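What follows is calculated from the coordinates using simple rules that are stated; it is not laboratory data. Predicted model, so just to flag it, every value in this text is computed and none were measured. Virtual Cβ from ideal backbone geometry, glycine too; neighbours counted across all protein chains shown.
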Amino acid sequence: MTEQQDPYQEIRPFNDSEVGDALNHILQNDEFVSAVTRYQFPKMATNFGWLLKPFVRIALAAKVGDVESISDFQALVAGYMKKMIARSTTKLTCSGIDQLDPDEAYLFISNHRDIAMDPAFVNWVRYQYGMSTVRIAIGDNLLRKPYVSDIMRLNKSFIVNRSAAGREMMKALTQLSSYIDHSVQGGHSIWLAQREGRAKDGNDATDPAILKMLYMAHRKNRSFAEHAKRLNIVPVSISYEYDPCDSLKANELYAKATEGGYEKSEFEDISSIVKGITGDKGHVHVAFGDPIEDDFDSPEALAEEIDRQIISNYYLHSSNLLAAGQGDDASDLDKQGLQARIDSTVNGAEDILRQMYANPVINQQKMQEPS
């Protein structure tokens, strides 16, 4: 199929016919095999990596030997996801999913706290309810390694080209806009963060520019309100009792406040992904809002409605209430849990971390105040 016949080839997830080649490329990638070897055998890999790598490659090939489709690959991922949830969460709950039609495709616009786990938890909950998994928007800044890109595209991720500039940026955004509409109309749900980058300070706010992007490829065909309704948008609130990357976020915000800037290390995002996956999260709650059916004539008005649902549906944990000075009924264990997070920051960043947990409480209370 030519690019003209498949206009989304460069950004879309792999399809079933491409699974075999993608897996072969991953298995032949020495950097990937080395990374898995270091993860599986952290103490032995330094001195004996050369000896272990062939066995690791054989073991990996055996694991994926029966994988012939995207659903096969996601079933394999589900096994690891189950173990991760058992190890890193105390419980996982959800609300609002019973209001969704299993046969409908939705555009889930979600708050963004964790690079990998936000869409993973949405997928896991839908998977548990027998619903199809979603296609996930992921920035190309996270895909500098070819094997990372291949793995993500096997897991139904599509690429958001953030590195383009000028005319290329307009072309990339128009292609992305068209692809998201194409997916939803074709019966494939989408997960999209409400803003570029995580909400490091705990304030969840939708960037109207994201909503403008959704409309870019369709301005000549329909009004903004018509297109927004066509996309079947459902706001999603994901809340973590503990954010595994909270101290990293607080330290970054403190550096920006005191030094005027913060320079990321080359693979800091990858490190954050690993920490987010493996770190202690406590209780995680995924709240699905109501499909947006009203007319919103501008990106700003639609962003306001998405924010209203995300903030009001956000599940407040004891960590949030304690940080906001409202955790009178919290147990000593809960108090110790939050204090341990605060103590893990650099000197001076403690209040920033506390505020990060308090802001969802403050924002929810503001939302409930009569206007």
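Within the chain, which DSSP H helices have Cα atoms that stretch 24 Å or more along the helix axis and a mean Kyte-Doolittle hydropathy of at least 0.5?
Values: long enough: 45-63 (25 Å, 0.71); 70-88 (26 Å, 0.34); 166-185 (29 Å, -0.43); 350-368 (28 Å, -0.88).
For the chain, where a helix must reach 24 Å along its axis and average at least 0.5, the hits are 45-63.
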Given only helices, namely DSSP H runs of n ≥ 4 each adding -39500 (n - 2.57), what is the per-residue ellipticity at 222 nm of the chain, to the nearest 500 deg cm²/dmol?
-> -16000 deg cm²/dmol
Relative contact order as a percentage, the range 99-255, C-alpha pairs under 8 Å and 6+ apart, gives 37
10 Å binning of all Cα-Cα separations within the range 17-68, expressed as whole percents from 0 upward = 26, 50, 20, 4
Computed label-point distance, nm, for sites Glu266 and Asp351 using a 7 Å Cα→Cβ extension = 3.8
In nanometres, the difference between 0.36 nm per residue of separation and the alpha-carbon distance of Ala225 and Met169 is 17.7 nm
Kirkwood hydrodynamic radius over Cα pairs of the chain, then Stokes diffusion coefficient at 20 °C and 1.002 mPa s, in µm²/s = 97
Segment Arg162-Gln128, length gained on full extension (0.36 nm per residue, minus Cα span) | 9.0 nm
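For each of Ser319, Ser272, count neighbouring Cβ atoms within 10 Å of the residue's Cβ, then give the residues from fewest to most. Show your work: numbers first, answer last.
Numbers: Ser319 28, Ser272 21.
The order, fewest Cβ neighbours first, is Ser272, Ser319.
Quick one: dipole size for the range 17-68, taken about the Cα centre, charges +1 on Lys/Arg Cβ and -1 on Asp/Glu Cβ, in debye to the nearest 20. Numbers along the way, then the final one.
Values: 5 positive and 6 negative charges, 91 e Å.
Around 440 debye, computed over the range 17-68.
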Suppose R0 equals 22 Å; then what is the FRET efficiency for Gln326 and Lys256 from their Cβ-Cβ distance, rounded to the nearest 0.05?
-> 0.20
Quick one: if you stick a label point 7 Å off each Cα along the C-beta vector at Met216 and Thr90, how many nm between them?
-> 4.3
With an 8 Å cut-off on Cα pairs and a minimum separation of 6 or more residues, tell me the relative contact order of the chain in percent.
-> 21
With each pseudo-label sitting 7 Å past Cα toward Cβ, what's the Leu27-Phe41 distance in nm, one decimal?
-> 1.9
Stretch gain in nm, segment Glu293-Asp66, where the contour uses 0.36 nm per residue and the Cα spacing is subtracted = 77.5 nm
The range 17-68 - percent relative contact order, Cα under 8 Å, separation 6 or more | 42
